[in-house]
Amino acid sequence: MKKALTLCICLALLQSVFGQATPEILEIKSDLFKGVRKANVYLPAGYHQYPNRRYNVIYFFDAQSKPFFNYTKATLDYLSSHSYTYIAPVILVGIETLRSRQFEFLPKNKTDQPLKDYFPKVKLGGADSLALSLEEEIVPFITSKYRCTNYRMGIGHSLGGSFVTFALMKYPQVFNAAIAISPNYYYDQEQLLTLFDSLATPQRLTKKFLYVAYGKGDKLEDRFRPATIKMGQLLQRKNIEGFEWHVDSLASTSHAFTPIDGIYRGIIAFNKSITVSDEQLESFYKASPTTAIDQLKAYYQQRSNQVGMPLPTLEDITHIAYNLYYADKLKDAVTTLEWALSLYPDDSNLYDSLGEMHQALKNPQEALRYYSKGLALIDQQQAQLQSSIYQNKVKWFTERINKIKP
């Protein structure tokens, strides 16, 4: 049911992506590192327009590289702007490295191998401290300042990928999901594989998600690839129920370029784990159109239990409703939006959508009822909204109401 994007839509989305405001740069005091950690926080479009929405948080590492952080930001913007993917907007927190990457991202070495790979006096072993800093300092700070859910993902490349994998398995309270691009599992005679083998239990990893990707063709990718393939074999052998994982081979031939493909693929893989597929949705309607919504609700209840987050997301259920609408299943679209409203009663956009659909069904009184409720909700939220946003929303609903009233 999803529509292919036209070239014009793609160009418009690209313009909206790169027109976003610059991230807010925070300084977070760290007692564990005896310094100040910088975090680049990027809020999704609509954050200030919908004051009761809460967002999952992605913690992105190596944000001291502005091009790398901006690329990731733009990728998330693009995917969340585009009706084919159904990616829910997130809060992106880019963590800058305070000391050396080798120290912050790697656990303490047990052999001399890393000293040969880096340099004899390299300081290693700060990964535990970084994980604890996230748990005790960074996450509480971000959660107190922004409207966050309790669902967190870590994204890292190279040693950053090593760290997010390490944190997911040793400190499962920090991340619910991780995307590790070209991780160094080769480190210290494959210490992370040994650690994973000993720690990977259902108690730690049920309801978790891990995406790992590797490339080929240059020195680092060729060095890291064998251990990453072993990780895939280990994951398959462990076969932990309720733990979803993917190990992906990329076409990239440079360690520097694997994030360009890998981050996108990881986000798409995660998104597929929390949304209904077109094929599954269509099967519900083919099997029994009258009970399709009940089957959809049951599907998402099961997925919520499996992944550990409330589903469907607002964006997902809204997109489902509009796809039904565009497929001339107007009554089903209305039923789906009514379900959405029961899950997200404080979202003014749902009242507008329901009003629009009732107008299409030639139900002006129902449309008027939903537009009026939307306007009343905006008035309740006035203190939480910026003045210009409040006025624009009032104007929007008022114009819709006046077009229906005799």
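The values are calculated or read from the model by the stated rules, or taken from the named source; none is laboratory data. What you see is a predicted model; the values in this text were computed from it and never measured. Glycine also receives a Cβ, built like all others from the backbone with ideal geometry; neighbour counts cover every protein chain displayed. Only protein heavy atoms, including side chains, enter the accessible area calculation; ligands, DNA and RNA are left aside. Shrake-Rupley method; radii C 1.70, N 1.55, O 1.52, S 1.80 Å.
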Checklist entry - Would it be correct to say that Leu115 is at pLDDT 95 or above, out of contact with any helix residue (DSSP H, G or I) (no Cβ under 9 Å at 6 or more places or on another chain) and open to solvent by 10 Å² or more (accessible area, probe 1.4 Å)? => result no
Checklist outcome for this item: Per the filter on the stretch 212-228, residues touching a strand residue (DSSP E or B) at 6+ places or on another chain (Cβ under 7 Å), open to solvent by 20 Å² or more (accessible area, probe 1.4 Å) and in a helix (DSSP H, G or I) are Arg225
Item to check | Pairs, first touching a residue at least 12 places away in the same chain (Cβ under 8 Å) and open to solvent by less than 20 Å² (accessible area, probe 1.4 Å) in the stretch 309-330, second of a type outside the set (A, V, I, L, M, F, W, C) and not in a helix (DSSP H, G or I), C-beta under 6 Å, six or more apart | outcome: Met309/Tyr151; Leu314/Tyr344; Asp316/Tyr86; Asp316/Thr275
Checklist outcome for this item: All conditions in (1) in contact with a Pro (Cβ under 9 Å, 6 or more places away or on another chain); (2) open to solvent by 10 Å² or more (accessible area, probe 1.4 Å) are true of Met231 except (2)
Next on the checklist: Here are the criteria: (1) open to solvent by less than 20 Å² (accessible area, probe 1.4 Å); (2) touching a Lys or Arg at 6+ places or on another chain (Cβ under 7 Å); (3) in a loop (DSSP other than H, G, I, E, B). Tell me which single one Leu98 does not satisfy.
Outcome noted: (1)
Checklist entry - Do any helices (runs of 4 or more DSSP H) lying entirely in the stretch 101-203 carry at least 3 residues that are more than 27 Å from Asp261 (Cα to Cα), and which ones are they? => result 113-117, 127-133, 139-145, 187-199
Checklist entry - Hey, any hits in the stretch 262-271 for a residue that's part of a helix (DSSP H, G or I), polar (S, T, N, Q) and without any contact (Cβ under 8 Å) to a residue 24 or more places away in the chain? => result no
Checklist entry - Got a sec? Which of Tyr78, Tyr42, Tyr50 is more than 14 Å from the chain's Cα centre (by Cα), buried (at least 17 other Cβ atoms within 10 Å of the Cβ) and touching a residue at least 40 places away in the same chain (Cβ under 8 Å)? => result Tyr50
Item to check | Meets criteria (assigned to a strand (DSSP E or B) and either open to solvent by 20 Å² or more (accessible area, probe 1.4 Å) or not hydroxyl-bearing (Ser, Thr, Tyr) (or both)) for Leu26 | outcome: yes
Item to check | Condition met for Tyr351 (assigned to a helix (DSSP H, G or I), over 23 Å from the mean Cα position of the chain (by Cα) and at pLDDT below 95) | outcome: no
Checklist entry - Is it the case that some residue within the stretch 136-157 is of a type in the set (A, V, I, L, M) and at pLDDT below 95? => result no
Checklist entry - Would it be correct to say that Leu341 is outside any loop (DSSP other than H, G, I, E, B), at pLDDT below 95 and not charged (D, E, K, R)? => result no
Item to check | Filter result (within 26 Å of the chain's Cα centre (by Cα) and open to solvent by less than 50 Å² (accessible area, probe 1.4 Å)) within the stretch 331-348 | outcome: Ala333, Thr336, Leu337, Trp339, Ala340, Leu341, Asp347, Ser348
Next on the checklist: On the basis of being surrounded by fewer than 24 Cβ atoms within 10 Å (Cβ to Cβ), touching a Pro at 6+ places or on another chain (Cβ under 8 Å) and among the hydrophobic types (A, V, I, L, M, F, W, C), does Leu124 make the cut?
Outcome noted: yes
Next on the checklist: Suppose the filter is modelled with pLDDT under 95, touching a His at 6+ places or on another chain (Cβ under 7 Å) and not acidic (Asp, Glu); does Ser100 pass it?
Outcome noted: no
Next on the checklist: For the stretch 270-290, give me each residue that is under 11 Å from Ile87 (Cα atoms) and either of a type in the set (Gly, Ala, Ser) or open to solvent by 30 Å² or more (accessible area, probe 1.4 Å) (or both).
Outcome noted: Lys272
Next on the checklist: Against the definition (touching a residue at least 24 places away in the same chain (Cβ under 8 Å) and surrounded by fewer than 20 Cβ atoms within 10 Å (Cβ to Cβ)), how does Ile389 come out, yes or no?
Outcome noted: yes
